[in-house]
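Have a look at the structure below, then the notes.
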Amino acid sequence: MTSLVLEENKDYARDCQVRFNGQFEYEILDGHYRHIIDIRKKTSTCRTWQLRDIPCQHVVLAYQHACQDPEDHVVHWYRKDNFMKAYNYFIQSLPNMKMWPHTSDIVIEPPEPKQIPGRPLKCRGKSKDEQKKKYGKLSRRGVKMTCSNLTQPGPGRSTQPASSSQPANSSQPQSLRQPTGYSQPPSSSVGSSQPPSLRQPTSFS
């Protein structure tokens, strides 16, 4: 890990320029930025060296200008021998949990769940890598809907116009239909097809 970071900083150091400024200080130009390196105090104005204890690209260029190896100035905590010292001792064994001694102190219970203010969510919040749609369920987009009353493609039952509920055999307008409850007046002559106003007057002898 440390060697990979150091090699990456060496590649970044090729794009920087170094200016010698005294015996222990260097001025590094990194694009539009200018950083001051003090190899005696081990400080850099970019603060990467102080945070990670690994020479950054500015410090690498300063040590290369001073003909020193940047790997020699990596903090000793990253070295292999210190890493192996952490596993130099065996972990001591512990008895089973049932054999632990019981205590008479107050038992600490977990806190009770509190209801979050606001309307509760209906759906579970999915993670970033989780798929949004479920496989095996087809979408109804583009499918023609068929009305159950007219048995033809069109809007549904709840969106049918009011005129569709009228009988199909009524072809005349509503204003010309005979009112319900009234009968047609009887004609004077049976079988006459002309109106009463256009008939010939009856002659009396």
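The values are calculated or read from the model by the stated rules, or taken from the named source; none is laboratory data. Everything quoted here is computed from the prediction, not taken from an experiment. Ideal geometry is used to build each Cβ from the backbone, glycine not excepted, and the neighbour counts take in all protein chains shown.
Looking at segment 21-53, which of the residues that are of a type in the set (Val, Ile, Thr) and surrounded by fewer than 22 Cβ atoms within 10 Å (Cβ to Cβ) is farthest from residue 79 (Cα to Cα)?
36
Among (1) without any contact (Cβ under 8 Å) to a residue 12 or more places away in the chain; (2) hydroxyl-bearing (Ser, Thr, Tyr); (3) under 14 Å from residue 24 (Cα atoms), where does residue 44 come up short?
Unmet for residue 44, out of (1) without any contact (Cβ under 8 Å) to a residue 12 or more places away in the chain; (2) hydroxyl-bearing (Ser, Thr, Tyr); (3) under 14 Å from residue 24 (Cα atoms): (1).
Among the numbered criteria (1) surrounded by 10 or more Cβ atoms within 10 Å (Cβ to Cβ); (2) at pLDDT 80 or above, which one does residue 86 miss?
Unmet for residue 86, out of (1) surrounded by 10 or more Cβ atoms within 10 Å (Cβ to Cβ); (2) at pLDDT 80 or above: (1).
The conditions are (1) surrounded by 16 or more Cβ atoms within 10 Å (Cβ to Cβ); (2) in contact with a Gly (Cβ under 9 Å, 6 or more places away or on another chain), and residue 15 fails exactly one of them. Which is it?
It is condition (1) that residue 15 fails.
Just checking, which of 30, 69, 53 is of a type in the set (Asp, Glu) and free of Cβ contacts under 8 Å to residues at least 24 places away in the same chain?
Details: 30 fails: free of Cβ contacts under 8 Å to residues at least 24 places away in the same chain; 53 fails: free of Cβ contacts under 8 Å to residues at least 24 places away in the same chain.
Being of a type in the set (Asp, Glu) and free of Cβ contacts under 8 Å to residues at least 24 places away in the same chain holds for just one of 30, 69, 53, which is 69.
Kindly establish whether residue 104 is part of a loop (DSSP other than H, G, I, E, B), modelled with pLDDT under 80 and of a type in the set (Ser, Thr, Tyr).
It is false that residue 104 is part of a loop (DSSP other than H, G, I, E, B), modelled with pLDDT under 80 and of a type in the set (Ser, Thr, Tyr).
Among the numbered conditions (1) at pLDDT 85 or above; (2) loosely packed, with under 10 Cβ neighbours inside 10 Å, tell me where residue 78 comes up short.
(2)
Within segment 43-52, which residues are in a loop (DSSP other than H, G, I, E, B) and out of contact with any Lys or Arg (no Cβ under 9 Å at 6 or more places or on another chain)?
Answer for segment 43-52, where residues must be in a loop (DSSP other than H, G, I, E, B) and out of contact with any Lys or Arg (no Cβ under 9 Å at 6 or more places or on another chain): 46, 47.
Could you check, for segment 56-75, whether at least one of its residues is loosely packed, with under 11 Cβ neighbours inside 10 Å and in a helix (DSSP H, G or I)?
Yes, segment 56-75 has at least one match.
Can you spot a residue in segment 115-129 that is free of Cβ contacts under 8 Å to residues at least 40 places away in the same chain, part of a helix (DSSP H, G or I) and out of contact with any Ser or Thr (no Cβ under 9 Å at 6 or more places or on another chain)?
Just the residues of segment 115-129 that are free of Cβ contacts under 8 Å to residues at least 40 places away in the same chain, to begin with: 115-129.
Retained after the next criterion (residues that are part of a helix (DSSP H, G or I)): none.
No: segment 115-129 contains no residue that is free of Cβ contacts under 8 Å to residues at least 40 places away in the same chain, part of a helix (DSSP H, G or I) and out of contact with any Ser or Thr (no Cβ under 9 Å at 6 or more places or on another chain).
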